[in-house]
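All remarks here apply to the structure that follows.
The values are calculated or read from the model by the stated rules, or taken from the named source; none is laboratory data. This one's a predicted model, so the numbers in the text were calculated from it and none came from an experiment. Here the Cβ positions follow ideal geometry from the backbone for every residue, glycine too, while neighbour counts run over all protein chains shown. Ligands, DNA and RNA are excluded from the accessible area calculation, which covers all protein heavy atoms including side chains. Shrake-Rupley method; radii C 1.70, N 1.55, O 1.52, S 1.80 Å.
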Amino acid sequence: MADTQVRPDKASAVAELAGGFRDSSAAVLTEYRGLTMAQMTELRRSLGRETTYAVTKNTLAKIAARDAGITDIDELLTGPTAIAFVKGDPVEAAKGLRDFAKANPLLVVKGGVLDGKKLSADDIKKLADLESREVLLAKLAGAMQAKMAQAAATFNALPTQLARLALALQEKKAAEGGSSEAAASEEAAPEA
């Protein structure tokens, strides 16, 4: 549809949607049929500041997606469609959509795009089940800190072990040296 002409009054909407696809780390396509305006407002709030949720016409969204270089989402653009453009953490937005859909079953997640790759509705659910980026980074930092503490303990133990080994060798030499001197003095006593 790259050769499809867009009416001048719709060109700005297409440009805005194409910019949304380009500037977002993820875009989640939903069907909102039956939701009230109050529910839509609640959904927008639940998605956070870094996610915009826009109702769009499918033909304009198809043209905008192609303009943004996304070619394989046409089958998702059927029925009433709204797109969540995610500029922040895609996991948080997926969780927000999942939680809202649990409370409001009329919201249906169709699928989406993450870093230019198409996602199915099941992929979005799996994404929602992941822990947030901050939690994963905290776990990674904790694991790295534990490994560093373990390495530091090993390095600190080496001098102590070397000192104990040296002391044990010294005691062994002293014991061997003392018994050989006693044996030598016993041999010298009968000769005298």
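Values as computed for the structure displayed
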| item | result |
| --- | --- |
| Among (1) out of contact with any helix residue (DSSP H, G or I) (no Cβ under 7 Å at 6 or more places or on another chain); (2) open to solvent by 10 Å² or more (accessible area, probe 1.4 Å), the one test that ALA82 misses | (2) |
| Selected residue (only one of LYS126, LYS95, LYS110 is of a type in the set (Lys, Arg) and either in contact with a strand residue (DSSP E or B) (Cβ under 8 Å, 6 or more places away or on another chain) or outside any helix (DSSP H, G or I) (or both)) | LYS110 |
| LYS102 vs. criteria assigned to a helix (DSSP H, G or I), open to solvent by 20 Å² or more (accessible area, probe 1.4 Å) and more than 29 Å from VAL135 (Cα to Cα) | no |
| Qualifying residue in the range 36-51 (condition: open to solvent by less than 60 Å² (accessible area, probe 1.4 Å), more than 24 Å from GLU131 (Cβ to Cβ) and not β-branched (Val, Ile, Thr)) | yes |
| Any hit, the range 61-78, residues being within 21 Å of the chain's Cα centre (by Cα), crowded, with 18+ Cβ neighbours inside 10 Å and among the hydrophobic types (A, V, I, L, M, F, W, C) | no |
| Check on ALA13, open to solvent by 20 Å² or more (accessible area, probe 1.4 Å) and hydrophobic (A, V, I, L, M, F, W, C) | yes |
| Some residue of the range 29-39 being over 24 Å from GLU75 (Cα atoms) and either in contact (Cβ under 8 Å) with a residue 40 or more places away in the chain or touching a Cys at 6+ places or on another chain (Cβ under 8 Å) (or both) | yes |
| Breaking point among (1) surrounded by 15 or more Cβ atoms within 10 Å (Cβ to Cβ); (2) over 16 Å from the mean Cα position of the chain (by Cα), for LEU114 | (2) |
